[in-house]
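Read the structure below first, then the notes.
Bear in mind these aren't lab numbers, they're just calculated from the coordinates by the rules spelled out. None of these values were measured; they are calculated from a predicted model. Cβ coordinates were reconstructed from backbone atoms using ideal geometry, including for glycine residues, and neighbour counts include every protein chain displayed.
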Amino acid sequence: MSTEQQRRQAIKDHSPLPGDNFVYGVLTTGIFCLPICPSRRPRDENVRLFDTPVQAIQNGYRPCRRCHPLGDIAAPSTATVIALCRLIEAAERKPTLTELSAQSGWSAHHLQRQFKAVAGISPHQYGVAIRRRRAQQQLRYKQSLTLSAHLAGFDSTSHLHAVAGNTLGMKPGQYRQAGKDMALRFAIAESSLGSVLVAESERGICAVTIGDDPSVLLQDFEQEFSGATLLPGNSEFDQRVAMVITLIDDPHQITQAPRDLLPLDIRGTAFQQQVWAALQTIPTGQTLSYQALAVKLGKPTAARAVAQACASNRLAVLVPCHRIVRTDGGLSGYRWGVGRKAALLDREREPSDK
Ligand SMILES: [Zn+2]
């Protein structure tokens, strides 16, 4: 077995390691690759190493479409076993061998053998492992989330701590008027600037917040969206979450404006909407002062109100209020920490070929 260092070097060199079938998953995209993959290299801290492709799949990663890390083992039997893994993951109750057998069209005996050959463990062991992982995740959020056991049915990828699927028992909050009867899904993922909570309604992304402590993000979310019904996560949402993380970690990977890529559900007063729309026209790598933005809006005396609207932005990074600075160039405040604002601006100013 190669060392982690050898594997990381192999990834950098785009070269295979003889006798080692390891793959690497990219935390921000949920994709896994062979070391030889021609794709752009992720940041070191976003790389997860797996001994086999199946391990990566079991951890919720999807195979890359460029390097096809399943290669020859993507035989029909492998595809069937992977489909069965997904079935076991999605089921509320662990499916019986008879049910799996009916699903696959294989005899129980053949199924056991094939499953073990591909996944390395029996379907029963796999079901137990999945449930243990869920129980651990639930435990982590028990204090802040009053979700029913249904929650466990919706964790789709390992880099998402929580993707909920039920009604939160939340206190009434300021968002109640607007958020009442909203159906939301949310996830918390890790970025290089801390935990990121992303929520979306049926209309689009309605919240992106950044913080050090995921449980604090959850508490704020609960307060703001009290009474909302939660929808189960799905892979499309996972991809949107991954895109938000990429915008934070490596903004130059995404050349289009976020609003052209992601549906946004922005709610606020008419004036706030104007300010937030104007913020979205500031290109990556550039900044504007509150005063200049007020002038741009045709309200040169409204710099203060502009600053307030920036401070009430709910969509970190997607509505780039971090690109607003003081007239003297000072950073002034940032709802999610001035250190993060500085880091975001630094990254955006870096040349894109770096
Ligand atoms: Zn690849």
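If you take the square roots of the eigenvalues of the alpha-carbon gyration tensor of the range 229-354 and sort them as a ≥ b ≥ c, do you get rounded (a/c under 1.5), prolate (a/b over b/c) or oblate? Oblate is the answer for the range 229-354, as a/c is 1.5 or above yet b/c matches or exceeds a/b.
Seen from a random direction on average, the alpha-carbon convex hull of the range 4-72 projects onto 4.2 square nanometres.
Placing R0 at 22 angstrom, the Cβ-Cβ distance between residue 236 and residue 350 gives a FRET efficiency of 0.15 after rounding to 0.05. Over all other residues within a Cβ to Cβ distance under 12 Å of residue 31, the charged ones net out to +4, with Lys and Arg as +1 and Asp and Glu as -1. The aspartates and glutamates within cross-link reach of residue 94, meaning a Cα-to-Cα straight distance under 14 Å and a gap of 8 or more places when in the same chain, come to none at all. I want the local charge near residue 262. Using Cβ-Cβ distances under 9 Å, sum +1 for each Lys or Arg and -1 for each Asp or Glu among the other residues. Here the count lands on 0. Charge tally for residue 337 (other residues, Cβ to Cβ under 13 Å; Lys, Arg +1; Asp, Glu -1): +1.
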